[in-house]
Amino acid sequence: MAEVSHPSPSVAHRYFTRWYKPDLKGQPLEDYCILQHSNRICVVTLAECHPVLQSGKTISSISYQISANCSRLQNKVSGKSKRGAQFLTELAPLCRITCCDGDEYTIYSCIRGRLLEVNENLLHNPELLKEKPATEGYIAVVLPKFEESKTVTEGLLTQKQYEEVLLKRTASADS
């Protein structure tokens with residue numbers, strides 16, 4: 001009897017719990033994926049069906065300049081208590097993605113916490129977002145307050161719940 005070899009799970013699958021926020025701010029298909037590590041750090045990325053990741057979209061630029069006075073690139077974190085980190089609410093913008101077809105998407109935090117870092121590699125290589133959204137193409141890393149680390153995922157969907165949302169979308173698109 002031949003043994004079936006299974007590929008070993010990726011770091012993202014082994015150490016992170018996936019949470020989803022579909023249709024953020026009522027925008028259809030603008031879905032986010034939050035990867036929550038057991039140490040409570042959260043990685044914000046786009047869910048597989050976000051319009052930016054759909055075929056045919058080419059990203060022309062990514063900007064972490066949120067307003068005249070706020071750039072996520074100026075987030076300077078120091079020390080164990082993460083002094084200097086920008087505090088984010090669930091609807092705090094992280095960046096703006098502009099596609100070559102003129103479409104623009106504002107990407108939001110989806111969770112409350114301190115901004116530990118943004119992915120500056122996307123500035124030079126925006127295709128990472130499409131090629132490896134759950135790993136090198138992440139958008140930002142956020143640390144929820146310790147006392148909120150259990151409640152930070154309230155309002156987010158589990159992988160199973162999100163798959164049900166996707167099935168309903170497919171069913172309504174087919175009818």
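Remarks
- Accessible area (Å², per residue) of the range 124-166, counting only protein heavy atoms and a probe of 1.4 Å: 57
- For Leu116, residues with placed amide H under 5 Å, excluding near neighbours: Val141, Val142, Leu143
- Sparse-neighbour loop sites [trypsin sites (Lys or Arg not before Pro); the range 21-88; at most 10 other C-beta within 10 Å; DSSP]: Lys76, Lys80
- Over 26 Å apart at the Cα level, from the set Lys25/Lys150; Lys80/Lys130; Lys25/Lys145; Lys130/Lys168, are Lys80/Lys130.
- The trypsin sites (Lys or Arg not before Pro) of the range 119-160 meeting both criteria, a DSSP state outside H, G, I, E and B (loop) and at most 12 other C-beta atoms within 10 angstrom of the site's C-beta, are Lys150.
- Share of pairwise Cα separations in the range 25-78, more than 17 Å, in percent: 61
- Scanning residues 5 or more positions from Ala92 or on other chains, those with amide H under 5 Å from its amide H are Ser109, Cys110, with H placed 1.01 Å from N in the peptide plane.
- Gain in span if fully extended, Thr58 to Thr151, counting 0.36 nm per residue against the direct Cα distance: 29.9 nm
- Counted without the sites themselves, the longest stretch of the chain free of GluC sites (Glu not before Pro) in a DSSP loop having at most 14 other beta carbon atoms within 10 Å is 49-119.
- Long-range amide H partners of Ile66 with built H, under 5 Å: Ser71, Arg72
- Accessible surface of the range 33-175, 1.4 Å probe, proportion on carbon and sulfur as whole %: 51
- Taking 0.36 nm per residue of sequence separation and removing the Cα-Cα distance, the Ser172/Cys100 pair yields an extension gain of 23.0 nm.
- Among Leu73, Leu143, Leu46, the largest mean-square fluctuation in a Gaussian network model of the chain (Cα springs under 10 Å) belongs to Leu73.
The values are calculated or read from the model by the stated rules, or taken from the named source; none is laboratory data. Computed from a predicted structure; not experimentally measured. Positions of Cβ are backbone-derived with ideal geometry, glycine not excepted, and every protein chain shown enters the neighbour counts. Remember, those area values only see protein heavy atoms, side chains included, never the ligands or the DNA or RNA. Shrake-Rupley method; radii C 1.70, N 1.55, O 1.52, S 1.80 Å.
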